[in-house]
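Working notes, beginning with the structure itself.
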Amino acid sequence: MKLATLRNADGTTEAVRVDGTTATLLGAPGVGSFLAQSDWRDRAEAAAGPTVDLGSAAYAPVVTRPAKVVCVGLNYRGHIIEMGRDLPQFPTLFSKYAETLIGAHDDIQRPVETDAFDWECELAIIIGAPVRRATTAEAEAAIAGFATLNDITARDWQFRTKEWLQGKNWEATTPVGPWLVTPDELPGGVRPTLAIRTEVDGEVMQEDNTGDLLFDPVALVEYVSTMITLRPGDLIATGTPGGVGHARKPARYLSAGQKVVTEVEGLGRCENVVVDDGRP
(Lines give C-alpha, C1' and ligand atoms only; values in the text may rest on other atoms or scores of the structure.)
Protein backbone atom coordinates (compact mmCIF):
# COMPACT_ATOMS: atom_id res chain seq x y z
CA MET A 1 0.00 0.00 0.00
CA LYS A 2 1.19 3.49 -0.89
CA LEU A 3 0.12 6.67 0.91
CA ALA A 4 0.90 10.23 -0.15
CA THR A 5 0.11 13.83 0.72
CA LEU A 6 -1.04 15.90 -2.25
CA ARG A 7 -0.93 19.69 -2.46
CA ASN A 8 -4.06 21.42 -3.76
CA ALA A 9 -4.11 24.60 -5.84
CA ASP A 10 -5.37 26.59 -2.85
CA GLY A 11 -2.41 25.51 -0.71
CA THR A 12 -4.28 22.92 1.34
CA THR A 13 -3.17 19.30 1.42
CA GLU A 14 -4.86 15.92 1.63
CA ALA A 15 -3.85 12.34 2.30
CA VAL A 16 -4.45 9.76 -0.42
CA ARG A 17 -3.98 6.08 -1.12
CA VAL A 18 -2.08 5.66 -4.36
CA ASP A 19 -3.55 3.11 -6.77
CA GLY A 20 -1.55 3.11 -9.98
CA THR A 21 -2.29 6.37 -11.80
CA THR A 22 -5.14 7.40 -9.50
CA ALA A 23 -5.42 8.23 -5.83
CA THR A 24 -8.26 7.73 -3.38
CA LEU A 25 -8.91 10.51 -0.87
CA LEU A 26 -8.57 9.42 2.76
CA GLY A 27 -10.38 12.28 4.51
CA ALA A 28 -7.32 13.68 6.30
CA PRO A 29 -5.17 16.74 5.59
CA GLY A 30 -2.00 14.69 5.30
CA VAL A 31 -0.33 11.35 5.92
CA GLY A 32 0.91 12.48 9.33
CA SER A 33 -2.56 13.16 10.72
CA PHE A 34 -3.92 10.04 9.00
CA LEU A 35 -1.34 7.84 10.73
CA ALA A 36 -2.43 9.28 14.10
CA GLN A 37 -5.57 7.14 13.81
CA SER A 38 -4.81 3.79 15.43
CA ASP A 39 -6.79 1.94 12.75
CA TRP A 40 -5.15 3.77 9.83
CA ARG A 41 -4.27 0.54 7.99
CA ASP A 42 -7.86 -0.67 7.96
CA ARG A 43 -9.14 2.77 6.99
CA ALA A 44 -6.67 3.06 4.12
CA GLU A 45 -7.47 -0.38 2.75
CA ALA A 46 -11.24 0.19 2.98
CA ALA A 47 -11.26 3.71 1.55
CA ALA A 48 -13.59 3.96 -1.46
CA GLY A 49 -14.25 7.69 -1.66
CA PRO A 50 -13.52 10.24 -4.40
CA THR A 51 -10.43 9.73 -6.56
CA VAL A 52 -8.03 12.07 -8.33
CA ASP A 53 -5.77 11.59 -11.34
CA LEU A 54 -2.10 11.54 -10.38
CA GLY A 55 -0.96 12.69 -13.83
CA SER A 56 -0.70 16.32 -12.75
CA ALA A 57 -0.51 15.79 -8.98
CA ALA A 58 1.64 18.07 -6.83
CA TYR A 59 3.25 16.11 -4.04
CA ALA A 60 3.80 17.73 -0.66
CA PRO A 61 6.32 16.11 1.69
CA VAL A 62 4.85 12.73 2.69
CA VAL A 63 4.53 14.11 6.23
CA THR A 64 4.28 17.88 6.04
CA ARG A 65 4.93 18.82 9.68
CA PRO A 66 6.50 15.91 11.54
CA ALA A 67 7.10 16.55 15.23
CA LYS A 68 10.51 14.94 14.88
CA VAL A 69 12.94 14.32 12.04
CA VAL A 70 15.76 12.23 13.47
CA CYS A 71 18.72 11.67 11.17
CA VAL A 72 21.52 9.12 11.28
CA GLY A 73 25.00 9.94 10.06
CA LEU A 74 27.67 7.47 9.01
CA ASN A 75 25.42 4.42 8.73
CA TYR A 76 26.58 2.78 5.48
CA ARG A 77 29.82 0.89 5.76
CA GLY A 78 31.01 2.19 2.40
CA HIS A 79 30.27 5.82 3.27
CA ILE A 80 31.98 5.52 6.66
CA ILE A 81 35.12 4.27 4.94
CA GLU A 82 35.10 7.03 2.27
CA MET A 83 34.77 9.67 4.98
CA GLY A 84 37.79 8.19 6.79
CA ARG A 85 35.92 7.20 9.96
CA ASP A 86 35.88 4.10 12.15
CA LEU A 87 32.69 2.01 12.34
CA PRO A 88 30.67 3.53 15.21
CA GLN A 89 29.51 1.53 18.20
CA PHE A 90 26.27 3.53 18.42
CA PRO A 91 24.20 5.45 15.84
CA THR A 92 25.35 9.02 15.16
CA LEU A 93 22.20 11.13 15.57
CA PHE A 94 21.25 14.67 14.67
CA SER A 95 17.92 16.34 13.88
CA LYS A 96 16.27 18.37 11.15
CA TYR A 97 13.39 20.81 11.39
CA ALA A 98 10.12 20.46 9.50
CA GLU A 99 10.85 23.68 7.56
CA THR A 100 13.64 21.85 5.71
CA LEU A 101 11.20 19.43 4.04
CA ILE A 102 9.90 19.81 0.47
CA GLY A 103 7.92 17.64 -1.92
CA ALA A 104 9.29 15.08 -4.34
CA HIS A 105 9.23 17.48 -7.31
CA ASP A 106 9.75 20.84 -5.58
CA ASP A 107 12.81 23.00 -6.22
CA ILE A 108 15.72 22.67 -3.80
CA GLN A 109 16.61 26.11 -2.47
CA ARG A 110 20.41 26.53 -2.50
CA PRO A 111 21.35 29.25 0.01
CA VAL A 112 23.81 31.90 -1.11
CA GLU A 113 25.67 31.39 2.17
CA THR A 114 27.16 28.04 1.11
CA ASP A 115 29.71 27.02 -1.48
CA ALA A 116 29.53 23.31 -0.63
CA PHE A 117 25.97 22.11 -1.29
CA ASP A 118 25.90 18.30 -1.34
CA TRP A 119 23.49 15.41 -2.00
CA GLU A 120 22.65 12.43 0.27
CA CYS A 121 20.04 9.89 -0.84
CA GLU A 122 18.48 8.11 2.13
CA LEU A 123 15.88 5.54 3.14
CA ALA A 124 13.43 7.30 5.48
CA ILE A 125 11.43 5.45 8.12
CA ILE A 126 7.93 6.76 8.85
CA ILE A 127 6.50 5.91 12.27
CA GLY A 128 2.91 4.67 12.45
CA ALA A 129 2.30 4.09 16.18
CA PRO A 130 3.51 5.61 19.47
CA VAL A 131 6.45 3.71 20.89
CA ARG A 132 8.85 4.23 23.81
CA ARG A 133 11.74 1.96 24.85
CA ALA A 134 10.65 -0.38 22.07
CA THR A 135 11.39 -4.07 22.07
CA THR A 136 12.34 -5.52 18.72
CA ALA A 137 8.76 -6.66 18.11
CA GLU A 138 7.37 -3.25 19.12
CA ALA A 139 9.84 -1.47 16.86
CA GLU A 140 8.84 -3.65 13.92
CA ALA A 141 5.14 -2.96 14.53
CA ALA A 142 5.72 0.81 14.85
CA ILE A 143 7.13 1.19 11.33
CA ALA A 144 4.32 2.39 9.05
CA GLY A 145 6.53 2.38 5.99
CA PHE A 146 9.39 3.96 4.10
CA ALA A 147 10.05 6.83 1.69
CA THR A 148 12.91 8.34 -0.29
CA LEU A 149 14.66 11.33 1.30
CA ASN A 150 17.51 13.55 0.10
CA ASP A 151 19.42 14.97 3.07
CA ILE A 152 20.93 17.95 1.24
CA THR A 153 23.85 19.34 3.26
CA ALA A 154 25.84 22.57 3.35
CA ARG A 155 29.22 20.95 4.03
CA ASP A 156 31.07 24.18 4.82
CA TRP A 157 28.52 24.96 7.52
CA GLN A 158 28.37 21.33 8.71
CA PHE A 159 32.07 21.25 9.51
CA ARG A 160 32.36 24.71 11.07
CA THR A 161 32.04 22.91 14.41
CA LYS A 162 31.94 19.32 15.66
CA GLU A 163 28.14 19.49 15.73
CA TRP A 164 26.43 19.00 12.34
CA LEU A 165 23.07 20.69 12.87
CA GLN A 166 23.89 23.99 11.16
CA GLY A 167 24.86 22.24 7.94
CA LYS A 168 21.69 20.15 7.83
CA ASN A 169 18.88 22.59 8.53
CA TRP A 170 18.63 25.04 5.65
CA GLU A 171 15.05 25.84 4.76
CA ALA A 172 13.36 24.08 1.81
CA THR A 173 16.27 21.79 0.98
CA THR A 174 15.15 18.26 1.86
CA PRO A 175 12.86 16.35 -0.55
CA VAL A 176 10.91 13.46 0.96
CA GLY A 177 8.47 11.35 -1.03
CA PRO A 178 6.72 10.93 -3.28
CA TRP A 179 4.90 8.46 -1.05
CA LEU A 180 5.07 6.08 1.90
CA VAL A 181 5.25 2.38 1.00
CA THR A 182 4.22 -0.13 3.65
CA PRO A 183 6.74 -2.86 4.58
CA ASP A 184 4.60 -5.71 3.24
CA GLU A 185 5.32 -4.49 -0.31
CA LEU A 186 9.11 -4.53 0.09
CA PRO A 187 11.72 -7.30 0.00
CA GLY A 188 12.93 -7.64 3.56
CA GLY A 189 9.84 -5.99 5.05
CA VAL A 190 10.84 -3.73 7.96
CA ARG A 191 14.49 -4.48 7.15
CA PRO A 192 14.29 -3.77 3.42
CA THR A 193 17.11 -4.59 1.02
CA LEU A 194 16.63 -2.02 -1.73
CA ALA A 195 18.82 -0.43 -4.37
CA ILE A 196 19.55 3.22 -3.57
CA ARG A 197 20.79 5.71 -6.15
CA THR A 198 21.52 9.38 -6.84
CA GLU A 199 21.96 11.07 -10.22
CA VAL A 200 23.00 14.66 -10.86
CA ASP A 201 22.22 15.86 -14.38
CA GLY A 202 22.01 12.20 -15.44
CA GLU A 203 25.37 11.20 -13.96
CA VAL A 204 25.26 8.45 -11.32
CA MET A 205 26.80 9.68 -8.09
CA GLN A 206 25.57 7.14 -5.52
CA GLU A 207 24.65 3.50 -6.08
CA ASP A 208 24.36 0.98 -3.27
CA ASN A 209 21.87 -1.18 -1.37
CA THR A 210 20.16 -0.57 1.97
CA GLY A 211 21.46 -3.98 3.03
CA ASP A 212 24.77 -2.15 3.73
CA LEU A 213 23.20 -0.25 6.64
CA LEU A 214 25.19 -0.69 9.84
CA PHE A 215 22.11 -0.01 12.03
CA ASP A 216 18.95 -1.24 10.29
CA PRO A 217 15.51 0.42 10.61
CA VAL A 218 14.31 -1.78 13.46
CA ALA A 219 17.49 -1.19 15.44
CA LEU A 220 17.15 2.56 14.90
CA VAL A 221 13.55 2.64 16.15
CA GLU A 222 14.64 0.69 19.22
CA TYR A 223 17.56 3.04 19.85
CA VAL A 224 15.82 6.38 19.27
CA SER A 225 12.69 5.36 21.20
CA THR A 226 14.85 4.59 24.22
CA MET A 227 15.30 8.31 24.84
CA ILE A 228 12.05 9.79 23.49
CA THR A 229 8.58 8.65 22.44
CA LEU A 230 8.29 8.24 18.69
CA ARG A 231 4.85 9.19 17.42
CA PRO A 232 2.89 8.68 14.20
CA GLY A 233 4.36 10.78 11.41
CA ASP A 234 7.83 11.08 12.91
CA LEU A 235 10.66 10.45 10.44
CA ILE A 236 14.00 8.73 10.83
CA ALA A 237 16.45 9.30 7.98
CA THR A 238 18.72 6.25 8.06
CA GLY A 239 21.91 7.68 6.51
CA THR A 240 23.48 7.83 3.06
CA PRO A 241 25.76 5.48 1.11
CA GLY A 242 29.12 6.34 -0.45
CA GLY A 243 29.37 8.72 -3.38
CA VAL A 244 28.65 12.09 -1.79
CA GLY A 245 30.22 15.10 -3.45
CA HIS A 246 32.29 16.11 -0.42
CA ALA A 247 34.25 12.83 -0.45
CA ARG A 248 35.21 13.06 -4.13
CA LYS A 249 38.68 14.07 -5.33
CA PRO A 250 38.24 16.86 -6.17
CA ALA A 251 35.05 17.57 -4.24
CA ARG A 252 31.92 18.26 -6.28
CA TYR A 253 28.96 20.32 -5.18
CA LEU A 254 25.56 21.39 -6.49
CA SER A 255 24.88 24.65 -8.29
CA ALA A 256 21.73 26.35 -9.55
CA GLY A 257 20.10 24.71 -12.56
CA GLN A 258 21.25 21.18 -11.82
CA LYS A 259 18.71 18.37 -11.55
CA VAL A 260 19.07 15.88 -8.69
CA VAL A 261 17.27 12.53 -8.84
CA THR A 262 17.26 10.39 -5.70
CA GLU A 263 15.63 6.97 -5.77
CA VAL A 264 15.17 4.00 -3.47
CA GLU A 265 13.95 0.85 -5.22
CA GLY A 266 10.19 0.41 -4.82
CA LEU A 267 9.74 3.78 -3.09
CA GLY A 268 9.69 6.14 -6.04
CA ARG A 269 11.91 9.04 -7.06
CA CYS A 270 12.49 12.56 -5.90
CA GLU A 271 13.32 14.72 -8.94
CA ASN A 272 14.36 18.23 -7.97
CA VAL A 273 15.99 21.21 -9.62
CA VAL A 274 18.43 23.32 -7.60
CA VAL A 275 17.64 27.04 -7.56
CA ASP A 276 19.41 29.88 -5.80
CA ASP A 277 17.75 31.19 -2.66
CA GLY A 278 19.18 34.69 -2.29
CA ARG A 279 18.62 37.35 0.29
CA PRO A 280 15.39 39.37 -0.13
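The values are calculated or read from the model by the stated rules, or taken from the named source; none is laboratory data. Note that the structure is a prediction, hence the values are computed from the model and not measured. Neighbour counts run over all protein chains shown; Cβ positions are idealised from the backbone, glycine included. Remember, those area values only see protein heavy atoms, side chains included, never the ligands or the DNA or RNA. Shrake-Rupley method; radii C 1.70, N 1.55, O 1.52, S 1.80 Å.
Where in segment 15-107 are there strands (runs of 3 or more DSSP E), lying fully within it, with 1 or more residues that are among the hydroxyl-bearing types (Ser, Thr, Tyr) and at pLDDT 90 or above?
Output list reads 22-25, 51-53, 92-96.
Can you tell me which residues in segment 228-241 are in contact with a Lys or Arg (Cβ under 9 Å, 6 or more places away or on another chain) and open to solvent by 10 Å² or more (accessible area, probe 1.4 Å)?
Once the filter is applied, which keeps residues that are in contact with a Lys or Arg (Cβ under 9 Å, 6 or more places away or on another chain) and open to solvent by 10 Å² or more (accessible area, probe 1.4 Å), segment 228-241 yields 228, 229, 231.
Quick one: which of 200, 181 is open to solvent by less than 50 Å² (accessible area, probe 1.4 Å) and either of a type in the set (D, E, K, R) or over 26 Å from residue 32 (Cβ atoms) (or both)?
Going through 200, 181 in turn, just one is open to solvent by less than 50 Å² (accessible area, probe 1.4 Å) and either of a type in the set (D, E, K, R) or over 26 Å from residue 32 (Cβ atoms) (or both): 200.
Which one of the conditions (1) of a type outside the set (Phe, Trp, Tyr); (2) in a loop (DSSP other than H, G, I, E, B); (3) touching a strand residue (DSSP E or B) at 6+ places or on another chain (Cβ under 7 Å) does residue 189 fail to meet, given that it meets all the rest?
(3)
So, in segment 1-22, exactly how many residues are within 25 Å of residue 142 (Cβ to Cβ) and of a type in the set (Gly, Ala, Ser)?
Looking only at that region, the number is 2.
What number of residues within segment 101-115 are farther than 27 Å from residue 6 by Cα and open to solvent by less than 10 Å² (accessible area, probe 1.4 Å)?
1
Kindly provide the set of residues from segment 242-267 that are in a strand (DSSP E or B) and either among the charged types (D, E, K, R) or crowded, with 23+ Cβ neighbours inside 10 Å (or both), ordered by number.
259, 262, 263, 264
Among 177, 167, 211, which is assigned to a helix (DSSP H, G or I) and in contact with a strand residue (DSSP E or B) (Cβ under 7 Å, 6 or more places away or on another chain)?
Just a single option satisfies the conditions, and that option is 167.
Condition first: open to solvent by 10 Å² or more (accessible area, probe 1.4 Å) and closer than 27 Å to residue 277 by Cβ. Now tell me which residues in segment 121-163 satisfy that.
156, 157, 159, 160, 161, 162, 163
Looking only at residues that are among the hydroxyl-bearing types (Ser, Thr, Tyr) and at pLDDT 95 or above in segment 146-183, which one is nearest to the chain's Cα centre (by Cα)?
Among those that are among the hydroxyl-bearing types (Ser, Thr, Tyr) and at pLDDT 95 or above, it is 148.
Quick grid of which residues meet (1) touching a Leu at 6+ places or on another chain (Cβ under 8 Å); (2) polar (S, T, N, Q); (3) closer than 13 Å to residue 127 by Cα:
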| residue | (1), (2), (3) |
| --- | --- |
| 218 | no, no, yes |
| 221 | yes, no, yes |
| 224 | yes, no, yes |
| 241 | no, no, no |
| 249 | no, no, no |
| 257 | no, no, no |
| 272 | no, yes, no |
| 277 | no, no, no |
